[in-house]
Amino acid sequence: MPRRLVIAIDGPSGSGKSSTARAVARELGLSYLDTGAMYRAVAVAFLDAGVDPADVPGVIAATTGATIDLSLDPDERWVRVNGRDVTDEIREPRVSQHVSAVSTVPECRADLVRRQRVLMDRDPRGCVAEGRDVTTVIYPDAPLRILLTAAPRARLERRGDELGDRVSEAQLRDQVLRRDADDSALVDFTHAADGVHLLDTTQLSLDEVVSTVVALAKEIS
């Protein structure tokens, strides 16, 4: 493998980004960055501050001023906002339904992109990062960039399996389909940009997807 390898994995909700990126990072001995968790974390920040989601200046102030810490170890999963552990809270429906209040604000996105680039450059071995715009905005110069896609039904089933009975069917569709629609107004994460590998995961198992990504990584070694 190269002395330092950055793998950027993009795609819509439920396409397999998180599971794939975590497994690839584990197999290749790299750090792992869940950029989506950071958006959820700053949503907690403005909710904790009592800011109305419609108050854009308030959202910007609360989120850009927040201290966000999260694990870069693929075998650990924790997130802290202003020193408070919010690992489980960021997956709750009340947070999920307000993430777009952050992700659709350019000033908030720019602040998070800056933070994410810093985290991706922290590990001298390299990093596997996943998120809606990681291949085009956050790290467009990554040696390996991949866009995962999947049919809507498969994406809903996967996210439903992940969340279990913590969300209703309506909340599930809101998390997967409505948020994608909101975010697609700012970022195109459904079409592969030049130099980005497109991988449809609808009919593939997680092991098959991970094996494909690892093989691509070894090709550029």
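The values are calculated or read from the model by the stated rules, or taken from the named source; none is laboratory data. Owing to the predicted nature of the structure, the values given are computational and were not obtained by experimental measurement. Every residue, glycine as well, gets a Cβ built from its backbone with ideal geometry; the counts of neighbours run over all protein chains shown. Heads up: the accessible areas ignore ligands, DNA and RNA and are worked out on the full protein's heavy atoms, side chains in. Shrake-Rupley method; radii C 1.70, N 1.55, O 1.52, S 1.80 Å.
Just a few scattered comments:
- Members of the stretch 13-33 that are surrounded by 24 or more Cβ atoms within 10 Å (Cβ to Cβ) and in contact with a strand residue (DSSP E or B) (Cβ under 7 Å, 6 or more places away or on another chain): SER15, GLY16, LYS17, THR20, ALA21, VAL24, ALA25, LEU30, TYR32, LEU33
- Residue among ALA66, ALA45, ALA8, ALA61 that alone is part of a helix (DSSP H, G or I) and open to solvent by less than 20 Å² (accessible area, probe 1.4 Å): ALA45
- Here ARG125 meets the list (1) under 30 Å from LEU28 (Cβ atoms); (2) without any contact (Cβ under 8 Å) to a residue 24 or more places away in the chain; (3) among the charged types (D, E, K, R); (4) open to solvent by 70 Å² or more (accessible area, probe 1.4 Å) almost entirely, failing just condition (2).
- The residue pairs whose first member lies in the stretch 52-75 and is acidic (Asp, Glu), whose second member is modelled with pLDDT of 95 or more, and whose beta carbons are closer than 8 Å, counting only pairs six or more residues apart or on different chains, are ASP52/GLY58; ASP69/VAL79; ASP69/ARG80; ASP73/SER31; ASP73/TYR32; ASP75/ARG26.
- Test: residue in the stretch 25-32 that is within 19 Å of the chain's Cα centre (by Cα) and closer than 14 Å to ARG109 by Cβ: no
- Where a residue in the stretch 1-25 is farther than 18 Å from MET120 by Cβ and at pLDDT below 95 and its partner, wherever it lies, is of a type in the set (Val, Ile, Thr) and in a helix (DSSP H, G or I), with Cβ under 9 Å and at least six apart: PRO12/VAL176; SER13/VAL176; GLY14/VAL176; GLY16/VAL209; SER19/VAL209; SER19/VAL210
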